[in-house]
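The values are calculated or read from the model by the stated rules, or taken from the named source; none is laboratory data. Bear in mind the structure is a predicted one, so any value in this text is a computation, not a measurement. Every residue, glycine as well, gets a Cβ built from its backbone with ideal geometry; the counts of neighbours run over all protein chains shown.
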């Protein structure tokens, strides 16, 4: 099928096309989904290399499930986030006890269209945010990232985390409060002025 | 309120940062996809049947599947055999039904309908 025709096709349909032997469908699904999984895994793990491994494994599981995929039963992206969440949880469990991990791998910030200084400041803010996220309990971090960075709706997050909508709301709210408390002491890292009492960034 | 909005702005800024996979990662993912992709031969085998094969398939399915069709065929062949051969062993059953000794081939198993046409 021509590439420009595939661009408007849903993930569901692309997966069926892949299972039917369409190689272009695999390329398009990779382009659509792998950045999202990689960004999510990077924020959960704070380690780019591990996040890349998780992304590859999650995509591999998607390719394997393709022939049995039932269209309309679940969103491909939701399924993939769920797999990535479980893989990240397993990885974090396996690395528990290992000391000295660098938890500063924030997603890369592109400098295109911005001044180098602005890009540097944004990179600093993203690193500070990543450090704060890394201090949250796993479930709170997952909920906050899925809701406020990946932009998913609460029912979708509930499917990913095996929770009801109210539990997701509660988890997200607690995570956000904890994040604000952690970032309160890092206004300088975020590029906010410590002396300006009227413009406290976070508390 | 301002505090919440600032945290929201920071999270929104993070949401706008796209994490592009490296060319090496993309190549690894696509290599996996190619390695486990079902072969096209399976796709051809899974194509919908057309014409006579499809008609026969639908008929068999409508009759209850292959086993039901096999049972029906066996019953039909047995009935034909009994009708043609007229084995002597069946004569006792004929006598029991007809009440007298007649040949099975002479029996009138359909009731007469003349009575329905007579006027009172």
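Quick notes
- Unmet requirement for residue A:163, which otherwise passes all of (1) modelled with pLDDT of 90 or more; (2) in a loop (DSSP other than H, G, I, E, B); (3) within 23 Å of residue A:35 (Cβ to Cβ): (3)
- Filter pass, residue A:133 being touching a residue at least 24 places away in the same chain (Cβ under 8 Å) and either part of a helix (DSSP H, G or I) or not assigned by TED's automatic domain parsing to the domain that holds residue A:75 (or both): yes
- Members of region B:21-49 that are at pLDDT 70 or above and outside any helix (DSSP H, G or I): B:21, B:22, B:37, B:38, B:39
- Every residue from region A:22-36 that is within 14 Å of the chain's Cα centre (by Cα) and more than 9 Å from every other protein chain (Cβ to nearest Cβ): A:32, A:33
The rows are residues; the columns are (1) farther than 14 Å from residue A:46 by Cα; (2) modelled with pLDDT of 95 or more; (3) in a helix (DSSP H, G or I); (4) more than 11 Å from every other protein chain (Cβ to nearest Cβ).
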{"site": "A:103", "(1), (2), (3), (4)": "no, no, no, yes"}
{"site": "A:110", "(1), (2), (3), (4)": "yes, no, no, no"}
{"site": "A:114", "(1), (2), (3), (4)": "yes, no, no, yes"}
{"site": "A:122", "(1), (2), (3), (4)": "yes, no, yes, no"}
{"site": "A:126", "(1), (2), (3), (4)": "no, no, yes, no"}
{"site": "A:143", "(1), (2), (3), (4)": "yes, yes, yes, yes"}
{"site": "A:157", "(1), (2), (3), (4)": "yes, yes, yes, yes"}
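- When region A:37-65 is filtered for residues that are farther than 18 Å from residue B:19 by Cβ and at the interface with another protein chain (Cβ under 8 Å from one of its Cβ atoms), the ones remaining, listed by number, are A:60, A:63, A:64.
- Residue A:69 in contact with a helix residue (DSSP H, G or I) (Cβ under 9 Å, 6 or more places away or on another chain), buried (at least 23 other Cβ atoms within 10 Å of the Cβ), within 14 Å of chain B (Cβ to nearest Cβ) and more than 21 Å from residue A:146 (Cα to Cα): no
- Each residue in region A:8-21 was checked for being within 9 Å of chain B (Cβ to nearest Cβ) and out of contact with any helix residue (DSSP H, G or I) (no Cβ under 6 Å at 6 or more places or on another chain), and 0 of them qualify.
- Screening residue A:57 on (1) surrounded by fewer than 20 Cβ atoms within 10 Å (Cβ to Cβ); (2) outside the structural domain of residue A:152 (by TED's automatic domain parsing); (3) at pLDDT below 95 shows it passes everything except condition (3).
- Any pair with Cβ under 9 angstrom, 6 or more apart, that starts in region B:11-24 at a residue that is facing chain A (nearest Cβ under 7 Å) and ends at one that is loosely packed, with under 15 Cβ neighbours inside 10 Å and in a loop (DSSP other than H, G, I, E, B): B:15/A:151; B:17/A:110; B:18/A:110; B:20/A:110
- So residue A:87, is it at pLDDT 95 or above and under 22 Å from residue B:24 (Cα atoms): yes
- Near pairs, Cβ below 7 angstrom, 6+ apart or cross-chain, from region A:1-29 (farther than 17 Å from residue A:61 by Cα and in the same structural domain as residue A:62 (by TED's automatic domain parsing)) to any residue that is in a helix (DSSP H, G or I) and at pLDDT 90 or above: A:1/A:17; A:1/A:24; A:3/A:24; A:6/A:14; A:6/A:24; A:6/A:25; A:6/A:28
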